[in-house]
Amino acid sequence: MAFMTPPRRALREIFPYQPGKSIASVQRELGLRSVIKLASNENPLGPSPRAMAVYRRAGKSNALYPEGASPELRAALGRFHTVRPESVIVGNGSDEIIRLLCEAFLETEDEVVVSQHGFIRFKQQAALMGARVIEVPMTDWTHDLELMAKATSPRTKLVFVANPNNPTGTYNTSDEISALLKAAPKTALVVLDEAYFHFAQAIPGYPRSLSDLVAEHDNLVVLRTFSKAYGLAGLRVGYAVGDPELVGWLDRIRMPFNVNLPAQQACVAALKDFTFVQRTVALNEAQRAFVARGMGDLGFGVGESATNFVFARSPLPGRELFKALLRQGVIVRPLDEYGLPQFIRVSIGTPTQNKTLLKALHKALPRRSAAVA
Ligand SMILES: Cc1ncc(COP(=O)(O)O)c(C=O)c1O
């Protein structure tokens, strides 16, 4: 007998998020032993050693439930960012917080403003709530915050800005963000997703959102994650900082034990691992230049990146290139789900991984492909 209960209407239009292909699945499907993954912007140095030391010890308490609101991690984050712990919520990845924001604030037919090639999870979560998603074109592959401000209306509840953005790797300046905050209606919450903060923070003009902007603007919430510079994507921990009242609404609807016990403790330790974060950022900077140059020489149009990945126009359709690289045991990210079939996104790996990538790209491309602008 066929299943008779229809899902909510909004669900029928939703396409599931396509994560980067895993190493294990490529090994299984293609019978390859050696596979490298440059598809999910993870840390090629592995996890923060200080976090891992605590993680191993904390696992001995895994018979117990964690404290639901992650109080120690919230307090540590409060000290770290000089904000009150009540201004912080910890989530199962920043992805959970994107979901919580949509669940907390969106009624059917409310409006959400996103960028055309902005991080795709924003529009997926907003659509799930039945909201109207307004996609604003980019300028030079960068969020056009003036246009995004113009696209807001009294019905706008959320404005999502990933800064820097995934998958385009571009960023917006402090002045641009401040202008958006001024121009957006006070009833619209501006969500600034800074998953790649550490890779962009040294750029002149990049905003100091947590030290300067959050205190001044009740309608700003900033998202950060432990998945990138701290190398803890597998632990699933992200957080948001914003007005305590806003945070209170999110806290009310999160899962009772949304962040597991060893993860909470490990992230307190990760915050102290400055050396690891510095090493990560330095390696990324040097290797991103190496990858960008190598790909440029091969005929890719590589964009400037403020992140730990590069975004590039490919001489071959992105999916074709993705498949040709997979056969050589290299996983990258095609971008058709972003409406960019001619582009790929490649995470920056270790020096050895990046050399393997460039060799594999060379092999995958037809001889003497013409340079593409
Ligand atoms: C812009 C952006 N925001 C959020 C996330 C989700 O990160 P998390 O692992 O914290 O859920 C990602 C992951 O790649 C991202 O690129």
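Each value in this text was obtained by applying a stated rule to the coordinates, not by laboratory testing. No experiment lies behind these values; they were computed from the predicted model shown. Positions of Cβ are backbone-derived with ideal geometry, glycine not excepted, and every protein chain shown enters the neighbour counts.
Quick look at the values:
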| quantity | calculated |
| --- | --- |
| Two-decimal log10 I(q)/I(0) for the chain, as the Debye equation yields it once each C-alpha is a single scatterer, q = 0.09, 0.10 Å⁻¹ | -0.52, -0.65 |
| Relative contact order %, segment 49-270, counting alpha carbon pairs below 8 Å whose residues are six or more apart | 30 percent |
| GNM flexibility winner over the chain from P341, P244, P204 (Cα, springs under 10 Å) | P204 |
| Restricting segment 29-84 to trypsin sites (Lys or Arg not before Pro) in coil, as DSSP defines it, with at most 11 other Cβ within 10 Å | R33 |
| GNM top mover of A39, A200, A324 - the chain, alpha-carbon springs below 10 Å | A324 |
| Sequence of H362, H117, H81 once ranked by neighbouring C-beta atoms within 10 Å, starting from the fewest | H362, H81, H117 |
| Dipole magnitude of the chain about its Cα centre (Cβ charges: Lys, Arg +1; Asp, Glu -1), debye to nearest 20 | 1760 debye |
| Efficiency of FRET between L45 and A202 - r from beta-carbon atoms, R0 22 angstrom, step 0.05 | 0.75 |
| The chain, relative contact order [Cα under 8 Å, separation at least 6], % | 23 percent |
| Fraction of beta bridges assigned by DSSP in the chain that are antiparallel (%, nearest 5) | 50 percent |
| Order of F80, F122 under a 10 Å beta carbon neighbour criterion, fewest first | F80, F122 |
| Reachable aspartates and glutamates from K323, criterion Cα separation under 16 angstrom, eight or more residues apart if same chain | E29, D336, E337 |
| Spatially close lysines, pair count over segment 49-270: Cα under 15 Å, gap of eight or more or interchain | 4 |
| Ascending count of other beta-carbon atoms within 10 Å, so fewest first, for M295, M4, M148 | M4, M295, M148 |
| Within-9-Å neighbourhood charge of V136 [Cβ basis; K, R +1; D, E -1] | -1 |
| Hits among aspartates and glutamates - C-alpha to C-alpha of K363 under 14 Å, sequence gap 8 or more where chains match | D297, E320 |
| Trypsin sites (Lys or Arg not before Pro) within segment 140-187, DSSP loop, no more than 14 other Cβ atoms inside 10 Å | K186 |
